[in-house]
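Peer 1: Below: one structure in structure tokens.
The values are calculated or read from the model by the stated rules, or taken from the named source; none is laboratory data. Because the structure is predicted, anything quoted here is derived from the model rather than measured. As a convention, Cβ positions derive from the backbone with ideal geometry for all residues, glycine included, and neighbour counts pool all protein chains shown.
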Amino acid sequence: MEIKLNNKAKTTVRLIAFPVSEEIAENRRRKAKKELKNNPPAGYLELLGWSIYLTTIAKETVDAEKIFGFYKLRWRIEIIFKCWKSNMAFDKVHNVSKIQLWVIIWSRFIMIIICTQFIYTPCRILIKTKSNKDLSLMKVTQYLTRNPQKLILILNELQSRPNEPCLAIKALAKYCCYETRKRSHYQQDLKIIYR
């Protein structure tokens, strides 16, 4: 439905709402009760059974299903930031000089580029082609930060045999692919949106 925002311009937006599964709704409610530490109002708990979006995109341009799909793809940005924060230690503030901090930050950005562009991307394509599995960015980042010795092994394998997974890449496929699950993952969502 179309609604007007409570701003000065009274901007007209579309409100789109989808009910979520009871499992997701209960997880949201449990989390809300834990975070709020008191009993949230019943109306608030009821709304947790819905995914609600506001957009200025006209319904003639994009239908509600596509908006939902776009949001699922947008969630990828959150996953990337979580990878950086959790696995590349961007959440740790160091008590160091400005120059040392710059070196630390730039070295982490270089590590991100190596992990995503030189390992994740070519390995994702190779593993998908050879075993029809989808590689998880989050799992790859966790795996490489816990096993830094694998960086060189994987890079060497990609250099020497770019079209055939060797031991280190097979290990990556074993430990870092999405599991079979009810909900879709990024690669599946991308295909759905852009068909």
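Peer 1: Does K130 qualify as being at pLDDT 85 or above, among the charged types (D, E, K, R) and loosely packed, with under 12 Cβ neighbours inside 10 Å?
Peer 2: The answer is no for K130.
Peer 1: Pull up segment 32-54, narrow it to residues that are touching a Pro at 6+ places or on another chain (Cβ under 8 Å) and part of a helix (DSSP H, G or I), then point me to the one that is nearest to L15 (Cα to Cα).
Peer 2: Applying the filter and picking the extreme gives A32.
Peer 1: A89: assigned to a loop (DSSP other than H, G, I, E, B) and in contact (Cβ under 8 Å) with a residue 24 or more places away in the chain, yes or no?
Peer 2: no
Peer 1: What are the pairs, 6+ residues apart or on separate chains, where a residue within segment 111-134 that is touching a residue at least 40 places away in the same chain (Cβ under 8 Å) and more than 15 Å from A171 (Cα to Cα) has its Cβ under 6 Å from a residue that is hydroxyl-bearing (S, T, Y) and surrounded by fewer than 15 Cβ atoms within 10 Å (Cβ to Cβ)?
Peer 2: none
Peer 1: Pull up segment 102-127, narrow it to residues that are within 12 Å of L158 (Cβ to Cβ) and not β-branched (V, I, T), then point me to the one that is surrounded by the fewest Cβ atoms within 10 Å (Cβ to Cβ). Write out each step before concluding.
Peer 2: Step one: list which residues in segment 102-127 are within 12 Å of L158 (Cβ to Cβ), which gives 114, 117-127.
Those left that are additionally not β-branched (V, I, T): 117-118, 120, 122-124, 126.
Numbers: Q117: 10, F118: 15, Y120: 23, P122: 15, C123: 21, R124: 22, L126: 21.
Of everything passing the filter in segment 102-127, Q117 is surrounded by the fewest Cβ atoms within 10 Å (Cβ to Cβ).
Peer 1: Based on what the data block shows, is N6 exposed (fewer than 11 other Cβ atoms within 10 Å of the Cβ) and either in a strand (DSSP E or B) or not acidic (D, E) (or both)?
Peer 2: yes
Peer 1: Can I ask one more? Would you call A89 closer than 30 Å to I114 by Cβ and not hydroxyl-bearing (S, T, Y)?
Peer 2: Judged against the criteria, A89 is a match.
Peer 1: From R14, R29, which residue is surrounded by 13 or more Cβ atoms within 10 Å (Cβ to Cβ), in a helix (DSSP H, G or I), among the basic types (K, R) and not assigned by TED's automatic domain parsing to the domain that holds L137?
Peer 2: After applying the criteria, what remains is R29.
Peer 1: Please go through segment 97-124 and give me each residue that is part of a helix (DSSP H, G or I) and over 21 Å from the mean Cα position of the chain (by Cα), ordered by number.
Peer 2: K98, I99, Q100, L101, W102, V103, I104, I105, W106, S107
Peer 1: Oh, and also: I want to confirm something. Restricting to segment 125-175 and keeping residues that are part of a loop (DSSP other than H, G, I, E, B) and under 23 Å from the mean Cα position of the chain (by Cα), which single residue is nearest to C115 (Cα to Cα)?
Peer 2: P148
Peer 1: Something else: Can you spot a residue in segment 112-124 that is touching a Phe, Trp or Tyr at 6+ places or on another chain (Cβ under 9 Å) and not aromatic (F, W, Y)?
Peer 2: Yes: one or more hits.
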